[in-house]
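See structure below.
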Amino acid sequence: MEEKSVQKFWISYHISGGNGVLRVGRGTTIDSSQLMHIFDDAPPDHASDALYLWVATVEGITGEWTACPVRRGEPTMNVGDHRMPMVKVVHSTARDSDCERTDFDMPMLETEVATSSTRGAPASIWPLRLYQTSEQTLSTSSTMFKFMHGGRYKMCYDPDASNACICVATICKCTIGHDSCTTTSRPHGSCNPFESADISPSSKKLPEAMLLFADLVVHGVGSSCRTDDCIAAERWDCYFGRLGENSGPCRFDFSMESGRLGWVLQPGAVSRMTWTAMYPLDSIWEGVAVATYPQACGGGSAPAANFDDAPQPPTFELWPRSDGVVSMPRVKSDVSEPFTVTVCYCPDVATDPEAGACQLLADYVQPFGRLYFWTLHLCDYSDPLWCPSPYLRVVPQQKFAIKILCPPGNACTASTGNRIKFLDPRGRGPQYSNWDGGGICQLEMLESDRAIWPYESASLNLDGGGRSDFKAWSTELVRLDISAGHAVEVCYCNDDCGLGSNWIQVGRVHALTEFAYASKTHAKLDGTEIETITYVNKPGSFTLFGGIHSNMNEPLPSPWDSNRYSGEALLNLLSFDREEVDGMTIEERYHVNLVGLEELRMVFDRECKQEVFSEGLVEGLSSARDAAQRLARISFDFRQVDRYLPFAGSNQDQTLTVRKAGTLAACYCAMVADGVCLRPHHWVFVGLLQIRGPRGGQERRKVQVS
């Protein structure tokens, strides 16, 4: 009989010397020696593309179903053994004995019945019943399926998967094993049709389920999730800040060396990724998301334009030049709200052959997760629903409210199991993505002691509320015991926060880079204006100024951007270039003229923490007692905030007089109890003051003329 040729995608099972060989290809002639093939008019060589499954016999052979998978050494089977044939796709690590198990079954992206175009329940896809459609052909009767994961698969075949769920009265049991079962639209119900059974008193068994002897290769991205449709909901969590502040790494890595655990990339000849339009905002009712609006891959609206320097079209090559590693472009500086996109993969698909592979959005057929972009708002004490004018940074040791904005698409759960923690940065080492097990939020389970809560037990015990659109810590306020220009990492957990793997980094909180000084202080009783100390021997004041917002139309944030002041604080002033300790000034001891700004801050921070008051430098600030008399206090109520923090006593009328011209270093401590700084290490460097007068080494004196 003349052999047929089929120009389709195919999988062939070929007997060669008693060993099974599986070949995968497209557009290659199928001849009579190829015993099994899968084909469809749309070549299904990539994830998310529907295909039909067919099993066919060698042409010209009557009465023997040699096309069905067989044991090694048994190249034929009698047709009578194939009473209820079924097939299923399993993980490539499965063995023959694993066909009875269900945990090796490969989840699918979706199922649908081709004749009606209606979707079925994804969980019902495996196993697929094969029906005789001709004298020599078994097929799945038009049932379609889509591969969800890229990777390597095997197929299990059972020639008599007849384990059915039979009910007598109200009692339902499987015909094999007699386990209790529930009925469904399928004959086997909840029974496992791949379970083996004895069929005669002599215990002669039917041929058991077995594997094809090689892999089915599907181009696409694969993850470790094991339920149908799960890959589209996989999480990729990144974060950004306004005006480009505090943005973190946003990387995809499918490489063997450093890739995300459990993820693989089975690349096509052309292998690219892109993203969708932004998800619309969730529908919120009483703080809970009642509807979300994910964006699908494969067409629709153009990709979100929230990124700087994104390629045009906005796609990235994942293979071969990138070796499966790519980073998202930086979020634009004017983006201030969180957002979500779906990330999509193109495995060498060309919906328009003239355009070529991966040139159209319709070519990006596989979703492989939701990419959440988180951001923070830093606020004064206020109603967390509003926080109308958030800051970019905070004042060291000053209380602030923090609001984590949840990206659309169920990024946050509507529960109070959430927690926040602040961690010290890792220095100049590599930054890890949230999916990486080496991330600081996953490894460090104790909060940094630089995060100062109102009481010790509050750390890791306060939730941000039960809303799903934001989480806010605005009742019990935190303070950060860090110096100007320093930062802490912000970690968030939705629930079950005792597990490190449930934590992600959602941002970074920076202290202001420079403290702002007020030009004058207003006395409370009579409103007298006292100018900030500027001249030697002239009484003056010293007041810090806060509550400053950056101009969002400027490319860079203001160095003074920070929250307003609250509570109490102490002041100390040190001589930079006039007073000597052990024969040297601070300027001489540290060779300040040779170091940079960062080193200079470290020098003054170190000197401030010595908590030494100079007796002859500043009248009114020569001891800790003097500092307590000039204690700055906004209010005993921590909820009261003010833009001014004057170090001038309770009536804001006590002055300071500098006795030596030159440069002063201002130190500040806001961790205060009973007028005393709680620990010397709480003192931080504020900034420098230039005091005009006789040049360094000279003093201004009155000359008596006779």
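Given the residues 533, 586, which is the only one that is touching a helix residue (DSSP H, G or I) at 6+ places or on another chain (Cβ under 7 Å) and not acidic (Asp, Glu)? Step by step, each of 533, 586 is checked, and only 586 is touching a helix residue (DSSP H, G or I) at 6+ places or on another chain (Cβ under 7 Å) and not acidic (Asp, Glu).
Residues that are in contact with an Asp or Glu (Cβ under 7 Å, 6 or more places away or on another chain) and in a strand (DSSP E or B) within region 494-509 comprise 504, 505, 508, listed in sequence order. When we screen 491, 412 for residues that are at pLDDT 95 or above and either acidic (Asp, Glu) or in a loop (DSSP other than H, G, I, E, B) (or both), the only hit is 412. For region 554-576, filtered to residues that are hydroxyl-bearing (Ser, Thr, Tyr) and assigned to a loop (DSSP other than H, G, I, E, B), the residue that is farthest from residue 391 (Cα to Cα) is 566. Of all the numbered requirements in (1) small (Gly, Ala, Ser); (2) open to solvent by 40 Å² or more (accessible area, probe 1.4 Å); (3) under 20 Å from the mean Cα position of the chain (by Cα), residue 468 misses one, and that requirement is (2). Residues that are over 19 Å from residue 469 (Cβ atoms), among the polar types (S, T, N, Q) and open to solvent by 20 Å² or more (accessible area, probe 1.4 Å) occur in region 290-301; there is at least one.
The residues of region 268-289 that are open to solvent by 20 Å² or more (accessible area, probe 1.4 Å) and not β-branched (Val, Ile, Thr), listed by number, are 269, 272, 278, 280, 281, 282, 283, 285, 286, 289.
Quick grid of which residues meet (1) at pLDDT 80 or above; (2) closer than 25 Å to residue 231 by Cβ; (3) open to solvent by less than 10 Å² (accessible area, probe 1.4 Å):
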residue: 143; (1), (2), (3): no, yes, no
residue: 147; (1), (2), (3): no, yes, yes
residue: 154; (1), (2), (3): no, yes, no
residue: 168; (1), (2), (3): yes, no, no
residue: 196; (1), (2), (3): no, no, no
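Looking at region 245-256, is at least one residue within 25 Å of residue 494 (Cα to Cα), among the acidic types (Asp, Glu) and either part of a loop (DSSP other than H, G, I, E, B) or modelled with pLDDT of 95 or more (or both)? Yes, region 245-256 contains a residue that is within 25 Å of residue 494 (Cα to Cα), among the acidic types (Asp, Glu) and either part of a loop (DSSP other than H, G, I, E, B) or modelled with pLDDT of 95 or more (or both). Here the condition is being surrounded by 22 or more Cβ atoms within 10 Å (Cβ to Cβ), under 30 Å from residue 223 (Cα atoms) and in contact with a helix residue (DSSP H, G or I) (Cβ under 8 Å, 6 or more places away or on another chain); of 368, 373, it holds for 368 alone.
Would you tally the residues in region 559-574 being more than 40 Å from the chain's Cα centre (by Cα) and open to solvent by 10 Å² or more (accessible area, probe 1.4 Å)? Selection size over region 559-574: 1. Within region 290-314, residues that are within 16 Å of residue 408 (Cα to Cα) have Cβ atoms under 8 Å from residues that are of a type in the set (Gly, Ala, Ser) and open to solvent by 60 Å² or more (accessible area, probe 1.4 Å) in these pairs: 295/301, counting only partners at least 6 apart in sequence or on another chain.
Residue pairs whose Cβ atoms lie under 6 Å apart, separated by 6 or more positions or on different chains, with the first residue in region 220-233 and under 18 Å from residue 346 (Cα atoms) and the second among the β-branched types (Val, Ile, Thr) and part of a strand (DSSP E or B), are 222/264. Among the helices (runs of 4 or more DSSP H) confined to region 577-657, the ones with at least 1 residues that are under 24 Å from residue 520 (Cα atoms), in contact (Cβ under 8 Å) with a residue 40 or more places away in the chain and of a type in the set (Gly, Ala, Ser) are located at 624-629. What number goes with the only condition from (1) at pLDDT 95 or above; (2) closer than 30 Å to residue 570 by Cβ; (3) of a type outside the set (D, E, K, R); (4) out of contact with any helix residue (DSSP H, G or I) (no Cβ under 9 Å at 6 or more places or on another chain) that residue 339 does not pass? Of the numbered conditions (1) at pLDDT 95 or above; (2) closer than 30 Å to residue 570 by Cβ; (3) of a type outside the set (D, E, K, R); (4) out of contact with any helix residue (DSSP H, G or I) (no Cβ under 9 Å at 6 or more places or on another chain), the odd one out for residue 339 is (2).
Here residue 484 meets each of (1) surrounded by fewer than 19 Cβ atoms within 10 Å (Cβ to Cβ); (2) in contact with a Lys or Arg (Cβ under 8 Å, 6 or more places away or on another chain) with one exception, condition (1). Selection of region 246-266 for residues being over 16 Å from the mean Cα position of the chain (by Cα) and open to solvent by 30 Å² or more (accessible area, probe 1.4 Å) yields 256, 257, 258, 262, 264, 266.
The values are calculated or read from the model by the stated rules, or taken from the named source; none is laboratory data. Since this is a predicted model, take the numbers as computed values, not measurements. Please note: Cβ atoms are built from the backbone with ideal geometry, for glycine as well, and neighbour counts cover all protein chains shown. Keep in mind that these areas ignore ligands, DNA and RNA; they rest on the heavy atoms of the full protein, side chains included. Shrake-Rupley method; radii C 1.70, N 1.55, O 1.52, S 1.80 Å.
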